[in-house]
Amino acid sequence: MNKTIFVLNGPNLNMLGKREPGIYGGKTLKDIEADCIAAGRDYGFSVDFRQSNHEGVLVDWLHEADDKAIGVAINAGAYTHTSVALHDAIRAISVPVIELHISNVHAREEFRHHSKIAAACKGVICGFGPASYVLALHALKTMTD
Ligand code: DQA
């Protein structure tokens, strides 16, 4: 059986480690990828971890997940707050999608309080630092057993 989880990352997340460390912490995206692969091993998932700064690429990867994955964890970065295209792509696929954020977006600027993708997702995890990724994988484990 296919036990691949796509972990998708949107714009500016390639800058983790040097990007606003007071908000996002000191881990790089490579460090977070290693955490996800280790958690995936515990959960029996193989993790396909990707990042793009381009909205359409994220749309394409969501479509691809429908054939190749049993679930998706997505940190859509700023596209979370703007993207009808990501909302529609999540609705268009049948595998479960979890929205995640490193920071607590509700404790930040008002423009981060609304997610355009949350209503299309199975659930939302935010505010736990890089551990939000591992928590999202845990959520997918409970949903795909
Ligand atoms: C983020 C929160 C978003 O508001 C922001 O645009 C990001 C990162 C997070 O992981 O906390 O790029 O998704």
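Descriptive notes on the structure:
- Rounded to the nearest 20, the size of the Cβ-charge dipole of the chain about its Cα centre is 240 debye, with Lys and Arg at +1 and Asp and Glu at -1.
- Oblate is the label for the chain, because a/c, from the alpha-carbon gyration tensor with a ≥ b ≥ c as root eigenvalues, is 1.5 or above and a/b does not exceed b/c.
- Each of T4, T28, T82 has its accessible area taken with a 1.4 Å probe; listed largest first, they run T82, T28, T4.
- Region 16-81 - percent of accessible surface contributed by carbon and sulfur, probe 1.4 Å: 49 percent
- Straight-distance crosslink candidates among lysines, where the alpha carbon sits under 19 Å from K18 and sequence neighbours closer than 8 are dropped: K27, K30
- Other residues within the sphere of radius under 14 Å centred on the Cβ of D88, judged by their own Cβ, net out at -1 (K and R +1, D and E -1).
- Table column - 3J(HN,Hα) (Hz), region 13-23, Karplus curve with 6.51, -1.76, 1.60, x for Gly and Pro: 6, 5, 8, 4, x, 10, 7, 5, x, x, 9
- Furthest towards positive pole of dipole, Y133, V47, S94, structure part the chain, Cβ charges: Y133
- Region 8-85, dipole about Cα centre (Lys/Arg Cβ +1, Asp/Glu Cβ -1), debye to the nearest 20: 320 debye
- The length gained by stretching the chain between D88 and A119 to full extension, at 0.36 nm per residue less their Cα-Cα distance, is 10.1 nm.
- Here r is the Cβ-Cβ distance between R108 and D145 and R0 is 41 Å; the resulting FRET efficiency, rounded to 0.05, is 0.75.
- Relative contact order %, region 20-145, counting alpha carbon pairs below 8 Å whose residues are six or more apart: 28 percent
The values are calculated or read from the model by the stated rules, or taken from the named source; none is laboratory data. All values derive from a computational prediction rather than experimental measurement. Positions of Cβ are generated from backbone atoms using ideal geometry, with glycine treated the same way; all protein chains shown enter the neighbour counts. Protein only, heavy atoms only, side chains kept; ligands, DNA and RNA dropped before computing areas. Shrake-Rupley method; radii C 1.70, N 1.55, O 1.52, S 1.80 Å.
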